[in-house]
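Novice: For reference, the structure I am asking about is given below.
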Amino acid sequence: MLEAVQDVARVARLGNQEISASTLAERFGFAASRQWTPVGDLSGGERRRLQLLRLLMAEPNVLILDEPTNDLDIDTLTALEDLLDSFPGTVLVVSHDRYFVDRVCDTVVALLGDGSLAQLPGGVEEYLRRRAAGGAPLTTASGAQSGLGTTAQAPAVSAADARAARKEVQKLERRMLKLDGEEKKLHDQLAAAATDHAKVATLNAQLLQLQAEKEQVETDWLAAAELADA
């Protein structure tokens, strides 16, 4: 598997990161031992991740992704989102995963089914809200509006800012899930090493650092959630 990635490149620059094929593979769920698995023995989901890895190692400046979240676990999905956050080029995503779209994309365009397009500053949430309101007219891609008054008071927080906050909320929630898992592992390791005082001290220091990060993530989540609700 690793050789298939290294056939494209051994090191790639993605945004401001310079990353090796092995490191990127590990971030996408291929542990060091799994990186030497024959490609023919990979599962369907692993082959999909391998294709994505080979694509990223080619350092493209445009990515066109069709349902990219299929067959991805939470950790791999988080790694993909983090990479796309710092991607220096253009990413065009077609997806039914509304959370991925809101998390990754800066601009959302809806196909309305009648041949027209609508640019949605509020993202998928705006689309669903207007549909729930009985199919209220959507803003078209050209910016024209139909049936909406022009004297309405501007919201305290723009739709784009609220959507950006929702993206941050989702990112922080996934980070919190990962931290919860790491905390559980540390507690298990502490219990297993109860008689090894040196190891307990090391693990306890790691636990305190992790708990401090969790507190910061929770604080950031509260701030982002408040902005998203506004």
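None of the figures in this text is laboratory data; all of them are computed from the coordinates on show. Note that the structure is predicted; figures quoted are calculated from it, not measured. Neighbour counts are summed over all protein chains in view; Cβ atoms, including those assigned to glycine, are modelled from backbone coordinates with ideal geometry.
Novice: Which angle between 0 and 90 degrees, to the nearest 10, do you get for helix 74-85 versus the longest principal axis of the chain when only C-alpha atoms count?
Specialist: Helix 74-85 sits at roughly 60 degrees to that axis.
Novice: Taking the Cα atoms only, what angle lies between the long axis of helix 123-132 and the longest principal axis of the chain, rounded to 10 degrees?
Specialist: Orientation of helix 123-132: about 50 degrees from the principal axis.
Novice: Between Leu210 and Asp114, what FRET efficiency comes out of the Förster formula 1/(1 + (r/R0)^6) with R0 = 45 Å and r the beta carbon distance, rounded to 0.05? Please list the in-between numbers first.
Specialist: Working: r = 51 Å, r/R0 = 1.14.
It comes to 0.30.
Novice: Shifting gears a bit: Over the Cα atoms of region 33-125, compute the convex hull volume and normalise it per residue, giving Å³. Could you put the intermediate results ahead of the total?
Specialist: On the way: hull volume 11.6 nm³, N = 93.
Roughly 125 Å³ of hull volume per residue.
Novice: Another question about this same structure. Please say if the chain is rounded, prolate or oblate, where rounded means a/c under 1.5 for a ≥ b ≥ c the square roots of the C-alpha gyration tensor eigenvalues, and otherwise the choice is prolate for a/b larger than b/c and oblate otherwise?
Specialist: Values: a/c = 2.71, a/b = 1.44, b/c = 1.88.
It comes out oblate by the Cα gyration axes.
Novice: Let me ask another. Full extension from Leu222 to Ser43: what is 0.36 nm times the residue separation minus their Cα-Cα distance, to one decimal in nm? Don't skip to the end; give the middle numbers.
Specialist: On the way: separation 179, 0.36 × 179 = 64.44 nm, distance 3.89 nm.
Stretched fully, the Leu222-Ser43 segment lengthens by 60.6 nm.
Novice: Relative contact order for region 159-229: what is it in percent, counting Cα pairs under 8 Å that are at least 6 residues apart? Display every interim value, and only then the final one.
Specialist: On the way: 43 pairs, mean separation 42.5, N = 71.
Relative CO of region 159-229 lands at 60 percent.
Novice: Counting helices only, and only those DSSP H runs with n ≥ 4, report the 222 nm mean residue ellipticity of the chain as the sum of -39,500 (n - 2.57) divided by its residues, in deg cm²/dmol to the nearest 500.
Specialist: Numbers: 8 runs with 122 residues, N = 230.
Theoretical 222 nm ellipticity from helices: -17500 deg cm²/dmol.
Novice: Using unit Cβ charges (K, R positive; D, E negative) and no other charged atoms, how large, in debye to the nearest 20, is the dipole of region 2-96 about its Cα centre?
Specialist: Working: 8 positive and 15 negative charges, 48 e Å.
Computed about the Cα centre, the dipole is about 240 debye.
Novice: Moving on. With a cut-off of 8 Å between alpha carbons and a minimum separation of six or more residues, what is the relative contact order of the chain in percent? Could you put the intermediate results ahead of the total?
Specialist: Numbers: 247 pairs, mean separation 33.4, N = 230.
Averaging sequence separation for qualifying contacts and normalising by length gives 15 percent for the chain.
Novice: So what's the angle, to the nearest 10 degrees on a 0 to 90 scale, between helix 44-57 and the longest Cα principal axis of the chain?
Specialist: 80
Novice: I need the per residue convex hull volume for region 5-48, using only the alpha carbons, in cubic angstrom as a whole number.
Specialist: Given the Cα convex hull of region 5-48, per-residue volume reads 81 Å³.
Novice: Counting other Cβ atoms within 10 Å, keep those with at most 12, restrict to DSSP loop, and tell me which trypsin sites (Lys or Arg not before Pro) in region 1-86 are left. Please report the intermediate quantities before stating the final value.
Specialist: Details: sites: Arg10, Arg13, Arg27, Arg34, Arg47, Arg48, Arg49, Arg54; in loops: Arg10.
Here the sparse-neighbourhood loop sites are Arg10.
Novice: Mean-square fluctuation check for the chain, GNM, Cα pairs under 10 Å: which of Leu14, Leu83, Leu207 is largest?
Specialist: Leu207
Novice: Three principal axis extents, largest first, for the C-alpha atoms of region 43-93, in Å?
Specialist: Principal axes ranked by extent give 29, 19, 17 Å for the Cα atoms.
Novice: How large is the charge dipole for the chain, taken about the Cα centre, if only the Cβ atoms of Lys, Arg (+1) and Asp, Glu (-1) carry charge, to the nearest 20 debye?
Specialist: 280
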